[in-house]
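Asks: Take this structure, written in structure tokens, and hold onto it; I'll ask about it next.
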Amino acid sequence: MFGSSLVQYAIVWYVARETNSGLMFSLITLSGFLPNVLISVFAGVWADRYSRKSIIILADAGIALVTLVLFFIIRSSDSFFIPLLVISAVRSVGSGIQSPAVTAIIPQIVPQEKLMRVGGINSSIMSIVNLAAPAVAGAILSMGAIEHILLIDVATAAAGIGVFAFVPVPKLKKALERQKGGYLTDLKLGIRYGFKDPFVRSTLIVITVFAFLISPPALMNVLFVTRVFGDNYFYLTLNEIAFFIGATAGGLLLSAWGGFKNRIKTMVVGGLAAAVMTVAMVITDIFWIYLAVMFITGIAVPFTESPLMVLVQEKVEQGMQGRVFSIMNMAMTLIMPLGMALFGPLADAVPIQWLMVGSGIGQAAVAAAIYFWKRYYSQGVPGANPPDNGLPITESAQ
């Protein structure tokens, strides 16, 4: 994760700085985002048909290989913007293939009673990566060439694969069988399952609404800081640091505590805290108080996201998790840009503070609705694992 984040920051920043072109910046951003979404349609099916361990290793190795190719292209050419675009897109495809397999493999190797704690640890790891990667990428770019970062990514991929190769993972029953039917058949089954299963259908609704409502604070906080506190890069840096330190602390707290017995209660409390903090952002013009609010907001985020992921890992049968996580990923990835398409122009027509307050009120309303949605709320208590379609056969390190 750290190596991949370094490369993504480095590529985008390098293109923005060297070309100063809005078109090139848009193209490089899309090349790192759109292929991930498109391949997710198939990646969930693959994660349910084949060995998730093999998918993760092969995808990571493929990303490292094309990154190494880019290294040699940069070393041998003075014009490499087109290769940057192409390889950024290929890396995005690899990430999209890997993502549902990574999420779905966790309940195969983690006992159910430990899923929430592991979810908290994962949240902290992601926050640390998000905190460290841009700082390290900026420092390396200021001291040397972009290809140095590419080699770091190759090295971290090799280390990750080397460790994961020796992790025993039980194989899914479906992965051991001769595959019958095509991808489209499995894809249709996954979509049908997602929309017919009451829990999964309700969870998709919750994810979609939340992703839309958090668009203003999640994607426009940089614009908010610039407008309210001034165009100061130091302030923008502190803004990111405060949030991700808070998110790291929240993940560790959730890991140590484990949350309420009812996963959805943990999610509701986290959602209400995030909603209150979103409104609190706009009630002060003192930057240090704002940073404290961002820190607390960061703490609340793992309490909202991790319980939802853990619930899906607990409630959805193993043979369907790849497809369900793929659908969820597409929903979250597509809805937030749609939210920005609405809120972005609105931020130029009305005070951005109004959007933040509206977002906070909306988040609180959804959290309250979930609490009183008894049929869904009752699903938050862990029960027996669903059929996992698995066999007690462990993959070899090979």
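Asks: Find out how many positive minus negative residues lie around GLN98, taking Lys and Arg as positive, Asp and Glu as negative, among other residues whose Cβ is under 13 Å from that of GLN98.
Replies: Taking every other residue near GLN98 into account, the sum is +2.
Asks: Under a plain spin-label model, where a point goes 7 Å from the Cα along Cα-to-Cβ, how far apart in nm are ASP285 and SER142?
Replies: 3.1
Asks: Related question: Okay, helix-only estimate at 222 nm for the chain: each DSSP H run of n ≥ 4 adds -39500 (n - 2.57), divide by all residues, round to 500 deg cm²/dmol; what do you get?
Replies: My calculation for the chain gives -28000 deg cm²/dmol from helical runs alone.
Asks: Percent of Cα-Cα pairs per 5 Å bin, from 0 to the last occupied bin, for the stretch 183-381, please list those.
Replies: 1, 7, 15, 18, 19, 16, 11, 7, 4, 2, 0, 0
Asks: Taking the chain as a Gaussian network, Cα atoms linked when under 10 Å apart, which of GLY358, GLY380, GLY119 shows the biggest mean-square fluctuation?
Replies: Result: GLY358 has the largest fluctuation of those listed.
Asks: Hey, another quick one. Students often check this: by mean Cβ neighbours within 10 Å, which of 75-83, 202-210 ranks highest, and how do the rest follow?
Replies: Highest mean packing first, the order is 202-210, 75-83.
Asks: For a quick check, take a GNM of the chain with Cα springs below 10 Å and name the residue from GLU317, GLU147, GLU113 with the largest mean-square fluctuation.
Replies: Comparing GLU317, GLU147, GLU113 in the GNM, the peak value goes to GLU113.
Asks: Let me ask something additional. Can you tell me the order of 327-336, 5-14 when each peptide is scored by its average per-residue count of other Cβ atoms within 10 angstrom, highest first?
Replies: Answer by packing, highest mean first, reads 5-14, 327-336.
Asks: Now for a different question. If N is the number of residues in the stretch 46-158, what value comes out of its Cα radius of gyration divided by 2.2 N^0.38 Å?
Replies: That works out to 1.25 for the stretch 46-158.
Asks: Here's another thing I want to ask about it. Place the peptides 365-376, 300-311, 60-71 in order of packing, highest mean first, counting for every residue the other Cβ atoms within 10 Å and averaging per peptide.
Replies: 300-311, 60-71, 365-376
Asks: Provide Rg over Rh for the stretch 149-301; use the alpha carbon set for both Rg and the Kirkwood Rh (inverse mean inverse pair distance).
Replies: 1.09
Asks: Same structure again: Taking H as built 1.01 Å from N, whose amide H comes closer than 5 Å to the amide H of VAL169, not counting residues under 5 places away?
Replies: Correct list: GLU395.
Asks: Given the options SER123, SER142, SER31, which has the most mean-square fluctuation in a GNM of the chain, springs set between C-alpha atoms less than 10 angstrom apart?
Replies: SER142
Asks: If you average the C-alpha positions of the stretch 317-359 and of the stretch 288-308 separately, how far apart do those two centres end up, in angstrom?
Replies: Taking the Cα centre of the stretch 288-308 as reference, the centre of the stretch 317-359 is 18 Å away.
No lab work stands behind these numbers, since they all come straight from the coordinates. Please read all numbers here as calculations on a predicted model, not as lab measurements. Cβ atoms come from the backbone with ideal geometry, glycine included; neighbour counts cover every protein chain shown.
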